[in-house]
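The values are calculated or read from the model by the stated rules, or taken from the named source; none is laboratory data. Worth saying up front: this structure is predicted, and the values here are computed from it rather than measured. All Cβ positions, glycine included, derive from the backbone under ideal geometry; neighbour counts span all protein chains shown.
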Amino acid sequence: MSSATQVPLLTALQAAEPARQPAWRRQLRGAAWQWLAEHGFPTAKDEAWKYTRVAPILAVPFQPAAAQPNRRLSAARLAQLVGDYGGPRLVFVNGHFAAPLSARAGLPVGVRLSNLAALPDAERAVLEPLLARVLQVAPHAFGALNAALGEDGAVLQIPAHCTLERPIHLVFLVDSDAAPLAVHPRALIQLGAGSRASLVESHVASGAGIYLSNALSQVVLEAGAELEHYSLQDASRSAFHLARLDVRQARDSRFSAHLTACGGAIGRHEVRIALEGPGARVALDGLYLPGGEQHLDNQTCIEHLAPYCTSRERYKGVIGGRGHGVFDGRIIVRPGALKTDASQTIKNLLLSATAQANAQPRLEIFADDVKCAHGAAVGQLDQQAIFYLRSRGLTEPAARALLTHAFVSEMLEAIRLAPLRSRVERLVAVQLRSLEVAP
Amino acid sequence: MLEIENLHASVEGSEILRGISLRIEAGEVHAIMGPNGSGKSTLAQVLAGNPTYRVSGQVRFQGRDLLAMAAEARAVAGIFLAFQYPVEIPGVGNLYFLRTALNAVRRQRGQEELDAMDFLALAKERMQLVEMDPELMNRALNEGFSGGEKKRNEIFQMAVLQPSLAILDETDSGLDIDALRSVAAGVNALRSADRALLLITHYQRLLDYIVPDYIHVMANGRIVQSGDKALAVELEQHGYAHFDAAPAPGQRP
């Protein structure tokens with residue numbers, strides 16, 4: 001780890017720390033800064049950061065975002081940027097809650113959908129430590145930064161045995177054109193026993209500026225709760241997007257996550273799942289499409305802590321130009337996690353000679369009587385298939401596009417929200433076209 | 001329609017076609033027979049424009065320089081190859097693919113594209129020609145198809161695309177007798193005065209159902225004998241052994 005002092009990233013951000021803050025906040029921030037001072041930022045020597053160089057991020061003197069963005073965003077422009085999935089919506093612009101763009105009508109009684117900053121101080125003092133949990137379980141510098149600097153964020157709390165029919169949409173938009181901004185989006189999602197919901201997180205940009213989006217989503221599922229979580233990352237192509245999804249699952253809960261990652265100069269998507277109660281199930285799907293000089297890194301860790309839990313993991317990368325796709329997936333089966341059933345598949349498709357992929361499965365099994373299957377593949381488009389399609393009249397670019405779409409189609413089909421699926425299909429189609437353009 | 005002169009083809013430095021010359025007129029059916037490894041399938045792939053091969057010589061198709069044309073341009077010009085091993089493409093629907101192909105060809109020919117309804121009507125009609133199970137239409141292209149289903153699918157594609165020159169590479173292999181009969185019926189239905197067929201086969205069996213005007217025997221990358229359909233019967237009796245035994249002139253032992 002390198003020293004945290006003298007890092008351009010921190011200078012303006014640390015200086016902006018307010019003088020007066022409540023005790024809980026001073027304490028959490030103190031702990032985060034202290035962690036950072038002791039451990040510093042990761043280097044290539046840290047296994048989990050082997051492929052993602054943070055030096056380009058540390059070199060930028062990011063500014064904290066002002067509460068009022070320079071430009072007013074219209075609802076029409078927002079819909080254009082992030083879509084509308086027909087349910088309640090919370091919008092954060094540069095990390096700050098944008099009430100006029102948000103919509104909370106139609107929620108069942110007892111469901112809380114709010115921004116953190118709007119909560120009474122006493123309640124926030126209870127919730128904040130949940131968000132800071134990452135500092136205990138698997139700390140790293142950017143997690144600490146989120147704990148220290150995260151201002152606002154989304155809170156979704158669903159009581160027991162309550163089903164949300166329509167998807168919740170959390171929008172984290174960065175409007176950054178002039179000075180490089182750092183934002184630390186946060187979401188806390190708690191589902192009571194037997195409750196059900198689906199949720200979409202959109203991480204998007206309006207404008208092509210450099211910024212750092214350092215996001216954290218914390219999910220807690222009580223017994224038998226079910227959450228479908230979709231994440232759409234379409235950050236600016238010059239941005240740094242570091243996201244972390246941390247999930248705790250109680251007995252018989254179901255969690256499915258679906259990530260589509262297109263944006264960012266450097267993008268990193270960490271998912272940590274703790275299967276804490278027997279019979280819990282998780283399914284992680286991820287599609288990452290780096291091109292140009294993009295670097296997209298996926299780090300997943302599924303921890304089987306209880307018996308009879310199931311985990312399914314399926315990641316696919318399509319990599320063009322000089323893009324670099326990384327997948328590192330740990331599956332840990334703790335002692336006592338009998339009858340664990342885990343599987344992981346990773347497939348990478350390289351569209352150019354300069355594209356690069358790294359896939360690393362890691363199985364750490366400390367229990368008997370478990371099933372763990374994994375497979376990783378890296379390949380190029382099949383020349384014989386291209387010729388077959390061309391012999392039927394498709395041009396070479398059309399044949400390549402058809403085969404590339406075929407490769408990603410199962411990931412798109414896995415999206416159960418139809419309007420989201422068509423949006424992701426369009427986004428992916430545009431990104432795939434750009435991947436075929438030589439760097 | 002097709003004039004091949006002194007066609008050579010090699011892959012990874014080894015020469016597979018060693019000077020093929022052949023003339024096919026509109027309305028004719030030619031069969032190329034020969035032992036395994038004689039270069040029959042390479043000839044089919046080279047004519048369809050497989051870029052894997054290094055080729056030299058002259059091939060004119062309807063007066064145009066075929067070897068200068070990309071595979072897709074040959075399809076647009078009216079060449080169709082029914083593959084010996086049709087490629088399985090998971091994630092691409094069979095009908096979606098065929099409509100994309102047909103419209104790609106039509107567009108490049110300056111014709112109007114078919115909409116989904118018109119295409120479906122055409123596909124249904126042509127499917128009956130090869131007695132194809134309509135269930136297969138909604139599956140991914142060739143994925144999980146049996147050998148016979150794949151071959152039927154090739155002839156179905158041919159029936160939709162309506163080529164001027166169809167090259168059928170070992171279409172009979174892997175077919176049981178009933179499938180062979182219905183596939184052959186589909187092919188025969190497409191025979192016409194302005195269309196030519198080039199059949200590539202190891203066995204005479206196919207030629208009982210699709211009767212050729214001319215038969216050519218290939219060995220060691222050359223056509224070593226040509227004749228009418230009586231030649232097939234002769235080959236069935238004596239096999240290919242004596243063609244293989246005689247090294248081609250000029251070849252080093």
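Observations
- Qualifying positions in the range A:162-173 - closer than 22 Å to A:Ala98 by Cα and surrounded by fewer than 23 Cβ atoms within 10 Å (Cβ to Cβ): A:Arg166, A:Pro167
Yes/no matrix, rows are residues, columns are (1) in contact with a Gly (Cβ under 6 Å, 6 or more places away or on another chain); (2) assigned to a strand (DSSP E or B); (3) loosely packed, with under 14 Cβ neighbours inside 10 Å; (4) touching a residue at least 12 places away in the same chain (Cβ under 8 Å):
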residue	(1), (2), (3), (4)
A:Leu90	no, yes, no, yes
A:Phe142	no, no, no, yes
A:Ala148	no, no, no, yes
A:Ala160	yes, no, no, yes
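- Residues that are in contact with a Phe, Trp or Tyr (Cβ under 7 Å, 6 or more places away or on another chain), within 30 Å of A:Gly110 (Cβ to Cβ) and of a type in the set (A, V, I, L, M, F, W, C), drawn from the range A:200-218: A:Val200, A:Ala215
- Of all the listed residues (B:Glu113, B:Glu72, B:Glu131), the sole one being of a type outside the set (A, V, I, L, M) and in a helix (DSSP H, G or I) is B:Glu72.
- Test set (1) in contact with a strand residue (DSSP E or B) (Cβ under 9 Å, 6 or more places away or on another chain); (2) assigned to a loop (DSSP other than H, G, I, E, B); (3) over 29 Å from B:Gly49 (Cβ atoms) - A:Leu363 fails condition number: (2)
- Scope the range B:150-174; condition out of contact with any His (no Cβ under 8 Å at 6 or more places or on another chain), surrounded by fewer than 20 Cβ atoms within 10 Å (Cβ to Cβ) and more than 14 Å from chain A (Cβ to nearest Cβ); matching residues: B:Gly174
- Among the candidates A:Leu188, A:Leu173, residue that is of a type outside the set (Phe, Trp, Tyr), farther than 24 Å from A:Trp33 by Cβ and assigned to a strand (DSSP E or B): A:Leu173
- Any hit, the range A:68-82, residues being within 20 Å of the chain's Cα centre (by Cα) and assigned to a helix (DSSP H, G or I): yes
- Taking the criterion of being small (Gly, Ala, Ser), surrounded by 16 or more Cβ atoms within 10 Å (Cβ to Cβ) and either on the phi > 0 side of the Ramachandran plot or out of contact with any Ser or Thr (no Cβ under 6 Å at 6 or more places or on another chain) (or both), the residues of the range B:20-59 that qualify are B:Ala31, B:Gly34, B:Ser38, B:Gly39, B:Ser41, B:Ala44, B:Gly49, B:Gly57.
- All positions within the range A:408-421 that are out of contact with any Leu (no Cβ under 7 Å at 6 or more places or on another chain), aliphatic (A, V, I, L, M), in a helix (DSSP H, G or I) and surrounded by 14 or more Cβ atoms within 10 Å (Cβ to Cβ): A:Leu412, A:Leu420
- Verdict on B:Tyr53 being facing chain A (nearest Cβ under 10 Å) and among the hydroxyl-bearing types (Ser, Thr, Tyr): no
- For the range B:6-37, filtering for residues that are of a type in the set (D, E, K, R) and within 19 Å of the chain's Cα centre (by Cα) leaves 3.
- For A:Ile386, the conditions (1) on the phi < 0 side of the Ramachandran plot; (2) away from chain B (no Cβ under 14 Å) are fulfilled apart from (2).
- Only one of the listed residues (A:Asp328, A:Asp382, A:Asp285) is acidic (Asp, Glu) and without any contact (Cβ under 8 Å) to a residue 60 or more places away in the chain. That residue is A:Asp382.
- All of (1) at the interface with another protein chain (Cβ under 9 Å from one of its Cβ atoms); (2) more than 17 Å from B:Glu143 (Cβ to Cβ); (3) surrounded by 15 or more Cβ atoms within 10 Å (Cβ to Cβ) hold for A:Leu403 with one exception: (2).
- Of all residues in the range A:104-127, those being buried (at least 16 other Cβ atoms within 10 Å of the Cβ) and not in a helix (DSSP H, G or I) number 6.
- Members of the range A:383-398 found to be charged (D, E, K, R) and either surrounded by 17 or more Cβ atoms within 10 Å (Cβ to Cβ) or at pLDDT 95 or above (or both), listed by number: A:Arg390, A:Arg392
Rundown of residues vs (1) more than 10 Å from chain B (Cβ to nearest Cβ); (2) under 18 Å from A:Ile319 (Cα atoms); (3) at pLDDT 95 or above, yes/no style:
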position	(1), (2), (3)
A:Thr340	yes, no, yes
A:Thr345	yes, yes, yes
A:Asn348	yes, yes, yes
A:His374	yes, no, no
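- Of the residues A:Arg416, A:Arg362, A:Arg400, the single one that is among the basic types (Lys, Arg) and more than 18 Å from B:Gly91 (Cα to Cα) is A:Arg362.
- Subset of the range B:70-105 [more than 11 Å from chain A (Cβ to nearest Cβ) and either among the hydrophobic types (A, V, I, L, M, F, W, C) or surrounded by fewer than 17 Cβ atoms within 10 Å (Cβ to Cβ) (or both)]: B:Leu95
- Selected residue (only one of A:Gly209, A:Gly224 is closer than 24 Å to A:His96 by Cα, more than 15 Å from the chain's Cα centre (by Cα) and in a loop (DSSP other than H, G, I, E, B)): A:Gly209
- Test: B:Arg181 is of a type in the set (Lys, Arg), in a helix (DSSP H, G or I) and surrounded by fewer than 18 Cβ atoms within 10 Å (Cβ to Cβ): yes
- Criterion applied to A:Arg392, A:Arg426, A:Arg421, A:Arg416 was being facing chain B (nearest Cβ under 10 Å) and over 30 Å from A:Arg53 (Cβ atoms), and the one residue passing it is A:Arg392.
- Residue check for A:Val424: part of a helix (DSSP H, G or I) and at pLDDT 95 or above: yes
- Entry remark, the range A:315-331: residues being surrounded by 21 or more Cβ atoms within 10 Å (Cβ to Cβ) and either among the hydrophobic types (A, V, I, L, M, F, W, C) or not in a strand (DSSP E or B) (or both) number 7 in total.
- Exclusive hit being in a loop (DSSP other than H, G, I, E, B) and either within 30 Å of B:Asn94 (Cβ to Cβ) or among the charged types (D, E, K, R) (or both), set A:Lys347, A:Lys339: A:Lys339
- For B:Val217: the one exception among (1) without any contact (Cβ under 8 Å) to a residue 60 or more places away in the chain; (2) surrounded by 22 or more Cβ atoms within 10 Å (Cβ to Cβ): (1)
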